[in-house]
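Participant: Right, I'll just put the structure down here and ask away after.
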Amino acid sequence: MRRWSRPIALVAALALPALAVEAPPNADEPALEQRLLALTADLRCVVCQNESLAESRAPLAKDLRDEVRGLMRQGRTDDEVVNYLKARYGDFVLYRPPFKPVTYLLWLGPALFLGIGGLAWFVAIRRRQRALATSDLPTH
């Protein structure tokens, strides 16, 4: 029997997270919870960095959601909450950073690289066409 105890424990440990149920939104204030969910979906978790504040399960993300909920209960607007978080964590907390000199390369970089790639492709095609045109000339 001892031989089977480890595999059973492993299967149980892997199956338990699948049985976990996400906590329901606060039923006392559904409008506030909907607003919280909409706002935190556009904010980045400062710990996870690749998840929104709404999706993250990190303890700091939970604390930040509670803090945002508290600010909303105080009557703060979404812009005031976002400005509060930006003052505390910088533009990094935003999933869509503002278009300003510090972020020009971030916003324009993909178009710049696409343009450079297109130009390199165009130059390569032209050189190939010229090489083919000069090699096809009849010799006398």
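The values are calculated or read from the model by the stated rules, or taken from the named source; none is laboratory data. All of these numbers come straight from a predicted model, not from anything done at the bench. All Cβ positions, even for glycine, are placed from backbone atoms using ideal geometry, and neighbour counts span all protein chains on display.
Participant: Which numbered condition in (1) free of Cβ contacts under 8 Å to residues at least 40 places away in the same chain; (2) loosely packed, with under 12 Cβ neighbours inside 10 Å is the only one that Ala54 fails?
Facilitator: (2)
Participant: Criterion first (surrounded by 11 or more Cβ atoms within 10 Å (Cβ to Cβ), in a helix (DSSP H, G or I) and not assigned by TED's automatic domain parsing to the domain that holds Pro30) does Leu119 satisfy it?
Facilitator: On the way: surrounded by 11 or more Cβ atoms within 10 Å (Cβ to Cβ): no; in a helix (DSSP H, G or I): yes; not assigned by TED's automatic domain parsing to the domain that holds Pro30: yes.
The answer is no for Leu119.
Participant: Just checking, how many residues over the stretch 97-112 are assigned to a helix (DSSP H, G or I) and over 17 Å from the mean Cα position of the chain (by Cα)?
Facilitator: Residues flagged as assigned to a helix (DSSP H, G or I) and over 17 Å from the mean Cα position of the chain (by Cα) within the stretch 97-112 amount to 8.
Participant: Further question: I'm trying to understand the selection: among the residues of the stretch 59-96, which are assigned to a loop (DSSP other than H, G, I, E, B), of a type in the set (Lys, Arg) and without any contact (Cβ under 8 Å) to a residue 12 or more places away in the chain? So that I can check it myself, show each step before the final result.
Facilitator: Going residue by residue through the stretch 59-96, those that are assigned to a loop (DSSP other than H, G, I, E, B) are 74-77, 90, 95-96.
Of the ones still in play, those that are also of a type in the set (Lys, Arg) are 76, 96.
Matches in the stretch 59-96: Arg76 only.
Participant: Condition first: over 27 Å from Leu36 (Cβ atoms) and small (Gly, Ala, Ser). Now tell me which residues in the stretch 85-110 satisfy that. Spell out how you get there, then give the answer.
Facilitator: The initial filter retains those residues of the stretch 85-110 that are over 27 Å from Leu36 (Cβ atoms), namely 100-102, 104-110.
The one that is over 27 Å from Leu36 (Cβ atoms) and small (Gly, Ala, Ser): Gly109.
Yes/no matrix, rows are residues, columns are (1) surrounded by 10 or more Cβ atoms within 10 Å (Cβ to Cβ); (2) at pLDDT below 90; (3) within 17 Å of Tyr95 (Cβ to Cβ); (4) not basic (Lys, Arg):
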position	(1), (2), (3), (4)
Ser5	no, yes, no, yes
Val11	yes, yes, no, yes
Leu37	yes, no, yes, yes
Val47	yes, yes, yes, yes
Asn50	no, yes, yes, yes
Pro59	no, no, no, yes
Thr77	yes, no, no, yes
Asn83	yes, no, yes, yes
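Participant: Turning to a different aspect of this structure: Of all the residues that make up the stretch 70-128, how many are more than 21 Å from Leu60 (Cβ to Cβ) and touching a Phe, Trp or Tyr at 6+ places or on another chain (Cβ under 8 Å)?
Facilitator: Matching residues across the stretch 70-128 total 2.
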